[in-house]
1. When you count, for each residue, the other Cβ atoms within 10 Å and take the mean per peptide, how do 232-238, 174-180 rank with the highest first?
2. With each pseudo-label sitting 7 Å past Cα toward Cβ, what's the Glu165-Glu36 distance in nm, one decimal?
3. For the chain, return all DSSP H helices satisfying: extent of Cα atoms along own axis at least 24 Å; mean Kyte-Doolittle hydropathy at least -1.0.
4. Let me know the Rg and Dmax you get for the chain when you use only its Cα atoms, in Å.
5. Is there a pair in Lys63/Lys136; Lys63/Lys355; Lys35/Lys63 whose C-alpha atoms are over 21 Å apart, and which pairs would that be?
6. Can you compute the charge dipole magnitude of the stretch 272-386 about its Cα centre, using +1 on each Lys and Arg Cβ and -1 on each Asp and Glu Cβ, nothing else charged? Give it in debye, rounded to the nearest 20.
7. Running a GNM on the chain with Cα contacts under 10 Å, which residue among Arg133, Arg287, Arg346 ends up with the highest mean-square fluctuation?
8. How many percent of the accessible area of the chain is carbon or sulfur, using a 1.4 Å probe?
Amino acid sequence: MTYDFAVLGGGIVGLSTAMALGQRFPTARIVVIEKENRWAAHQTGHNSGVIHSGVYYRPGSFKARFCREGNRSMVEFCRANDIPHEICGKVIVATEPTELSLLETLYERGVENGVEVHRMGPDEVAEVEPHVRCLKGIRVPSTGIVDFAAVARAYARIVEENGGELRLSSEVVSLRADSRSHQIETTAGTFEARFLINCTGLHSDRIARMAGVDPGARIVPFRGEYYELRPERRHLVRTLIYPVPNPDFPFLGVHFTKMIDGSVHAGPNAVPGLMREGYLKSDFSFRDSLETIMYPGFWRLARRHHAEGRREIRRSFSKAAFVRSLQRLIPEITADDVVPTHAGVRAQALLPDGKLVDDFLLVPGARSMHVCNAPSPAATASIEIGIAVADSLPDQPNLRKVTGRMML
Ligand SMILES: Cc1cc2nc3c(=O)[nH]c(=O)nc-3n(C[C@H](O)[C@H](O)[C@H](O)COP(=O)(O)OP(=O)(O)OC[C@H]3O[C@@H](n4cnc5c(N)ncnc54)[C@H](O)[C@@H]3O)c2cc1C
């Protein structure tokens with residue numbers, strides 16, 4: 001059988017795209033092809049679980065728009081589908097005088113992005129987070145927490161209920177195309193589809209190239225490690241506590257996150273990964289490492305930002321350095337209060353000139369679309385990204401298209 005759409009990758013972006021396609025094209029035959037034996041096995045299942053609000057992002061960017069709208073649609077989806085979540089809000093705090101102007105810029109950016117933000121003095125911060133010491137803060141009430149893997153599983157259920165097919169344990173190993181369709185060879189057989197959508201996260205650049213499309217960037221994995229507060233010290237954190245981010249690297253800067261299961265995580269840091277799906281410090285892939293070190297963009301990035309890079313690597317190997325970063329937010333935290341827990345690996349697209357691709361990146365090909373950069377807040381924004389991908393596809397001559405806002 002020939003599918004109308006094959007979505008490669010069963011993370012939150014692939015599954016939301018399949019869900020949106022099913023609503024836009026109700027008669028379409030859709031298949032989602034995932035290499036692991038479960039949904040959300042990689043970035044979607046290894047993150048901070050924060051439903052972001054959209055404060056940080058450049059006004060006018062896809063990230064800013066999709067995150068603000070995605071915050072609302074994610075909360076609406078969780079309510080409609082009984083997925084445990086909590087809108088607990090977060091505080092971003094300046095602990096050094098040099099951070100005060102950055103905090104103010106962040107406040108203004110939040111306002112510009114249409115996000116509710118409130119300035120706070122140190123006493124007001126202490127009312128929300130009594131253990132934090134800071135000079136000033138801002139509160140973002142719409143930030144929430146959820147288990148994004150549970151959200152992704154709910155998307156998969158909806159795709160199936162709407163007639164889509166779900167294939168786990170099917171790794172795409174090669175792609176061929178003729179004038180009519182794509183032949184997708186996987187470890188579980190060959191699929192044929194008229195249109196292909198690549199949502200393979202950490203492997204999206206490779207899959208794009210397999211489809212004959214140059215994504216113009218290379219995925220470089222950045223591992224993010226977390227510590228967890230011991231249960232008897234969880235009371236030190238009530239909601240989410242963030243430092244003022246480095247404007248060049250908004251994803252740097254460890255923060256405290258209350259998770260939806262009640263645990264409290266601290267992290268993540270960001271260190272170059274030696275394996276695209278390597279969650280342990282010792283994980284190593286010759287191919288992945290070689291591709292990174294042979295890429296001129298990586299060395300340009302490393303040269304430009306060697307100080308931040310060295311600091312992140314030190315924090316990865318030294319618990320004391322990690323704890324010192326946490327003490328900037330909560331001075332009474334000690335090394336005995338935290339234990340190492342899971343890690344995640346970010347798929348970050350890097351340009352040949354060494355600049356990180358900041359925004360979400362969709363690269364069109366011949367009867368194909370490639371999601372080549374979907375970093376944080378893509379889990380928050382996943383419903384909006386799925387709709388945007390479905391809407392970016394050309395009309396399909398054999399398929400009826402439903403327009404208008406989609407039902408959650
Ligand atoms: C440490 C960390 C913290 C984060 N925190 C947050 C947060 O708090 N809030 C937020 O909104 N976002 C956060 N993010 C970002 C968010 O997790 C990602 O943006 C999002 O999960 C990306 O989803 P995805 O579907 O593109 O990728 P993935 O979830 O990685 O899914 C890609 C899928 O493609 C599959 N695949 C790959 N190659 C093949 C192949 N050859 N054949 C078949 N299948 C294949 C993989 O197995 C995988 O399941 C965080 C990310 C990290 C790493």
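1. With the highest mean Cβ count within 10 Å placed first, the list reads 232-238, 174-180.
2. For the pair Glu165/Glu36, the computed spacing is 2.4 nm.
3. Numbers: long enough: 62-80 (25 Å, -0.55).
In the chain, the long hydrophobic H runs are 62-80.
4. Radius of gyration, then largest Cα-Cα span, for the chain: 21.1, 66 Å.
5. Beyond 21 Å: Lys63/Lys136; Lys35/Lys63.
6. 440
7. Arg287
8. On the way: 9150 of 17170 Å².
The nonpolar share, carbon plus sulfur, comes to 53 percent.
The values are calculated or read from the model by the stated rules, or taken from the named source; none is laboratory data. Computed from a predicted structure; not experimentally measured. A quick note on method: Cβ atoms are made from the backbone with ideal geometry, for glycine too, and the neighbour counts reach across all protein chains shown. Ligands, DNA and RNA are stripped out before the accessible areas are found, and what is left, the full protein with its side chains, is counted by its heavy atoms. Shrake-Rupley method; radii C 1.70, N 1.55, O 1.52, S 1.80 Å.
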